[in-house]
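Inspection log for the structure reproduced underneath, given as structure tokens.
The values are calculated or read from the model by the stated rules, or taken from the named source; none is laboratory data. No experiment lies behind these values; they were computed from the predicted model shown. Positions of Cβ are backbone-derived with ideal geometry, glycine not excepted, and every protein chain shown enters the neighbour counts. Areas reflect the complete protein model, heavy atoms only, side chains present, ligands, DNA and RNA absent. Shrake-Rupley method; radii C 1.70, N 1.55, O 1.52, S 1.80 Å.
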Amino acid sequence: MGNLDATQLIYARSLIQEVWLLDIEAQCLEVYRQPTPNGYSLIQKFWRGQQVASLAFPDVEMNIDFVLG
């Protein structure tokens, strides 16, 4: 298990509802939601041209182009 996987598992077990991971190489944003004792059950990828909103602020959408720069 890599360091990132271990960290995500800790977050999921701590019931952190949402984790965003910016993948610069792939030019996408990975969003992890629905924590379980075994990790996150929902993993979504958002690409340039798409919009994403945080669970904490569902009315505030961010453009992935803006996030990636």
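Return the pair list, or none, for Cβ contacts closer than 7 Å from residues in the stretch 12-28 that are closer than 19 Å to F57 by Cα to residues that are open to solvent by 50 Å² or more (accessible area, probe 1.4 Å) and among the aromatic types (F, W, Y), at least 6 apart or on different chains.
What qualifies is V19/Y11.
For the stretch 58-67, what are the residues that are among the charged types (D, E, K, R) and either surrounded by 11 or more Cβ atoms within 10 Å (Cβ to Cβ) or in contact with a helix residue (DSSP H, G or I) (Cβ under 6 Å, 6 or more places away or on another chain) (or both)?
E61, D65
Could you list, in sequence order, all residues of the stretch 8-57 that are over 20 Å from V67 (Cβ atoms) and either open to solvent by 40 Å² or more (accessible area, probe 1.4 Å) or in contact with a Cys (Cβ under 9 Å, 6 or more places away or on another chain) (or both)?
I10, R13, S14, L15, Q34, T36, P37, N38, S41
Restricting attention to the stretch 32-69, which residues are of a type in the set (A, V, I, L, M, F, W, C) and closer than 19 Å to G2 by Cβ?
Of everything in the stretch 32-69, just one residue is of a type in the set (A, V, I, L, M, F, W, C) and closer than 19 Å to G2 by Cβ, namely I43.
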